[in-house]
Amino acid sequence: MHSWTDTLRFAFQPVVNLTTGGVAALEILARPEAGDILAEARRDPELDGRLAVLAFRAAVRKETLLPLHVNVFAGTLADLGGLSALHDAVREAGRLPWEVTVDIVPPYTHVPQRALLEAVTVLRRQGFRISADGVGDGDVPLRLLTDLSPELVKLDASLLARPAAVRAMRTLCDELGALLAVEGVETESQCTAALAAGAQLAQGELFAPPARLPAADVYVPPRSPGVVPVPRSGPSVRQFVRPAALLPAHASAGQVRALLTGSPDVSGVLLVDAAGVPVRSVHRSRFLLTMSGRYGHALYADRPAAKLGDPPRTVGVDATAWEVLDVVAVGGRDRTSDDVAVVDGRGRCVGVVRLADLVRALAESRVEEAAGLNPLTRLPGSDAITGEVDRRIAGGRAFALSWLDVDHFKQVNDGAGFAAGDELIRAVGRTLELAASGATRVGHIGGDDFLVLSDPDGLGELASAVLDVPWAAGGLPVTLSLATVVCGPGSVHDHRQAAASLAPLKKAAKALRGASWVLARAGAPGHEVLRGSEGASVAS
């Protein structure tokens, strides 16, 4: 008599890192050849829990070292209070629980939320990672999503037609410490939209369809120039995380050698303790060179691999690419090609980053920045400033946006000549740069117009630096006008609204005599005149 398991097969779909183009994990999908097992599993928690175990074992049989995603209905977790059978299967296979992500699948309607959250707590205590699946096309309440605090949020590709919603979800993910993935990506335009909206991971037919064998290669479209502006503080290390090859701290050199020779793409192995904390780092080339030497195998094969490893280099998941480079720079030059382990708040390894990925991304960001620099002052243009404005708005940070220009600049050029005018513009730009603190961004948006983004504190020092200077061009005295709008959290929705608030302030500042400064607060009526006096003035 045939069992339903005889007609059940599993397919693997890669989860792709959009920054590195590599496979970050494999999602295991049940593919019954007869009957509707999945519909039954939705109604039967015990059956759904058994499917999760069978999916994991199917992946183990393929001998894949990649992290795995296993689908489980939300109702199953609430009913069973966890997945003890899956935890036992993971341990029996010699895998680590934090290499397995439990994708919690809708529906959530009628699922007891407290029971679900308690089950998720159990899963986390066992070491599993949590993903909220079907967001945007499912029924997960937003409050429950934040209470779940998943390590990954998976959005339906239909939301890409609403980029504001995807960007908002990216902001929420950043607050929760989660990554953002988009499922069902089928076209290159969808991939570009996912990148532009801030997604770090993606799945779909574009990259690789579900298949009986784990995909060795995936297709990732080349990134369009200018997609996803990179903050000056540096891109997050989360964008570059690759799966780590992990073995227990007590693994033998023979076990490491078997892993490396069977997996040519693995550049190194991390030896971790029982809690998943890296204790030694084994570099592929140095290790294999030692093992291939005369008597190398005889001397080391049965000995602990830790003796041939080095202290691991680690960074937190919240580190930037620049911080990783600082870590790489410490120590001997022979370790510059070592993988850097990325660890979570408990010190557990969640992946590795490679120096080549970081250098390439940082070089690309510098090229993009250089392309946007004003050729006269070498300051970035408006895009860099407005992008940072949007990031501060999304992060709920107060900021001050200021516009500065030279009064009667056309008359300066006509009277002193364009060369003197250019030199004046360069001097103003240099002064703004020198006056800028660490959080201040200065942009030259063309002609004699500058934008300055800063924290509300310290505005007086910035204004004094440019307004108290006796400016001149070709011997002719020159004054400047400054307009500032201070935006508190929630007072503006995007950079366009902030810029619109500056327009009347610019007109008010230009109407004053001498060096002038007017300031207003977004959403509040009127403005303050902090510098300048009433009198007729001709706009430049």
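The values are calculated or read from the model by the stated rules, or taken from the named source; none is laboratory data. Every value quoted in this text rests on a predicted model; they were computed, and no experiment measured them. Note that each Cβ is placed from the backbone with ideal geometry, even for glycine, and that neighbours are counted across all protein chains shown.
The number of residues in the range 462-509 that are over 28 Å from K410 (Cα atoms) and either assigned to a helix (DSSP H, G or I) or touching a Cys at 6+ places or on another chain (Cβ under 8 Å) (or both) comes to 2.
Look at the range 335-360: where a residue is β-branched (V, I, T) and a partner is surrounded by fewer than 16 Cβ atoms within 10 Å (Cβ to Cβ) and in a strand (DSSP E or B), sitting 6+ places away or on another chain with Cβ atoms under 7 Å, you get V343/G316.
Here D139 fulfils each of the conditions (1) under 21 Å from the mean Cα position of the chain (by Cα); (2) acidic (D, E); (3) assigned to a loop (DSSP other than H, G, I, E, B) apart from (1). Taking the range 472-530 as the search range and keeping residues that are within 27 Å of G421 (Cα to Cα), under 40 Å from the mean Cα position of the chain (by Cα) and surrounded by fewer than 14 Cβ atoms within 10 Å (Cβ to Cβ), which one is modelled with the lowest pLDDT? For the range 472-530, the residue satisfying everything is A503. Taking every residue in the range 481-500 that is without any contact (Cβ under 8 Å) to a residue 60 or more places away in the chain and pairing it with any residue that is surrounded by fewer than 16 Cβ atoms within 10 Å (Cβ to Cβ), at least 6 positions away or on another chain, the pairs with Cβ-Cβ distances below 6 Å are S491/G523.
The residue list L404, L434 contains one member that is touching a residue at least 24 places away in the same chain (Cβ under 8 Å), closer than 23 Å to V485 by Cβ and not small (G, A, S), which is L404.
Could you check the range 250-347 for strands (runs of 3 or more DSSP E) lying wholly inside it with 1 or more residues that are of a type in the set (S, T, Y) and surrounded by fewer than 20 Cβ atoms within 10 Å (Cβ to Cβ)?
Working: elements: 268-272, 278-283, 314-316, 340-343.
By residue number, 314-316.
Here D137 clears all of (1) over 16 Å from V105 (Cα atoms); (2) surrounded by fewer than 22 Cβ atoms within 10 Å (Cβ to Cβ); (3) modelled with pLDDT under 90 except the condition numbered (1).
The lone criterion from (1) of a type in the set (D, E); (2) surrounded by fewer than 22 Cβ atoms within 10 Å (Cβ to Cβ); (3) closer than 30 Å to L260 by Cβ left unmet by E27 is number (2). Taking residues in the range 111-123 that are surrounded by fewer than 20 Cβ atoms within 10 Å (Cβ to Cβ), and partners anywhere that are among the small types (G, A, S), the pairs with Cβ atoms closer than 6 Å and at least 6 places apart or on different chains are P112/A78; A115/A78; V122/G82.
Checked against the criterion of being part of a strand (DSSP E or B) and under 23 Å from the mean Cα position of the chain (by Cα), the range 115-124 has no qualifying residue.
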